[in-house]
Amino acid sequence: MTDHAEIRASLLRRMEALERRVGRIAEDLRHESEPVEKDFEEQATQRENEDVLGALDDAGRRELAAIRAALSRIDAGSYGTCRRCGEPIATERLRVLPTALDCVGCAA
């Protein structure tokens, strides 16, 4: 089994950063630091911002799920194995895309 300690550490750092970001987004969506504006036009602008924040929140949560899955594969000893063909995923690919599930050939 290849040692994936460096990739694991990188995934943990990224997960920590994403958890902070998703937490701040959730606070913003709940208007914890700023109440909803009383002015209708300002409310419309806030709603547009909430749509963007919602999309960022969704993307962050999807990435967190992918990171947790990759960490689970590392713990299980199956990390770095293509889910389609069962061949090893190139270390270079895993360094660039540490949540990769497929080797380059199968991903294409």
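Looking only at the stretch 21-57, filter to residues that are surrounded by 10 or more Cβ atoms within 10 Å (Cβ to Cβ), basic (Lys, Arg) and within 22 Å of the chain's Cα centre (by Cα); which one of those is modelled with the lowest pLDDT?
My answer is ARG24.
Given (1) part of a loop (DSSP other than H, G, I, E, B); (2) of a type in the set (D, E, K, R); (3) modelled with pLDDT of 95 or more, identify the lone condition not met by GLU63.
(1)
I'd like to check something: does the stretch 88-95 contain any residue that is crowded, with 16+ Cβ neighbours inside 10 Å, part of a loop (DSSP other than H, G, I, E, B) and either under 15 Å from the mean Cα position of the chain (by Cα) or among the aliphatic types (A, V, I, L, M) (or both)?
Within the stretch 88-95, one or more residues are crowded, with 16+ Cβ neighbours inside 10 Å, part of a loop (DSSP other than H, G, I, E, B) and either under 15 Å from the mean Cα position of the chain (by Cα) or among the aliphatic types (A, V, I, L, M) (or both).
The values are calculated or read from the model by the stated rules, or taken from the named source; none is laboratory data. Note that this is a predicted model, so its numbers are computed, not measured. Backbone-built Cβ (ideal geometry, glycine too); neighbour counts: all protein chains shown.
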